[in-house]
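Working notes, structure below.
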Amino acid sequence: MTNSLLRSLQALESLGNQPTARWEVPLSDSVHVIEFEHGTATGRRTVKIDGKVLIHREWMFRLVGDEVFQFGETKFLIRVDPIPGLRYSYTLWVNGKSFKNFIQSQSKILETWSTHVGQNEYRIILDKNTQIVWVNGEQVEVESEFIDGGAEILFAIGEVPAIIRSCSSGQKDVGIKYSLFVNDVEITEQNLEGALADE
């Protein structure tokens, strides 16, 4: 009787197929999707990164508490807290920072653009600290050149030439301005805080 009841609870929880919480986390190589499933009847916890299961636990009798995991060099913590009405809140911490603060700090070191080349969509990320360029999560080879008033980073998106130009913004609080050109067409920068910040 008990086993069949537990199996029924498991089946009910897996019917929704929607994660309990979901975050898009910009790291230097790409934006990674973290999904957390929390079975409040069975105590099941599943953590997925980019659709791949990283953690799967069944029958956890303690429904609140932290789920800690590592992805590459990045340490994550999902905090499960009770809220009134037999519900739960889910907060993500990345490298010891709240998700919102992490996004703010990443927006200072990463420049991000999205563009289409032919039928394909590409996400280009520049790590301003290392000058490494990532295209759809793959680090690409670059050539750097100094030009009048700044510098250029030359690379290719598939067979299409691309350039990231950097120059002084002329504003102390803004610093260096970065612009991406694909086939001589300027691509609008994507704001990490605006695109990803809602927890």
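The values are calculated or read from the model by the stated rules, or taken from the named source; none is laboratory data. For clarity, every value in this text was computed on a predicted model and none was experimentally measured. Here Cβ is always computed from backbone atoms with ideal geometry, including for glycine, and neighbour counts include all displayed protein chains.
Overview of results
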| quantity | calculated |
| --- | --- |
| Matching entry among 72, 51, 43 (being farther than 27 Å from residue 124 by Cβ and either at pLDDT 75 or above or in the same structural domain as residue 131 (by the TED database) (or both)) | 43 |
| Positions within the stretch 26-47 being more than 30 Å from residue 133 (Cβ to Cβ) and not aromatic (Phe, Trp, Tyr), in sequence order | 37, 38, 39, 40, 41, 42, 43, 44, 45, 46 |
| Residues that are under 12 Å from the mean Cα position of the chain (by Cα) and outside any helix (DSSP H, G or I), drawn from the stretch 94-109 | 94 |
| Qualifying positions in the stretch 113-141 - crowded, with 17+ Cβ neighbours inside 10 Å and either outside the structural domain of residue 165 (by the TED database) or farther than 13 Å from residue 26 by Cβ (or both) | 115, 122, 133, 135 |
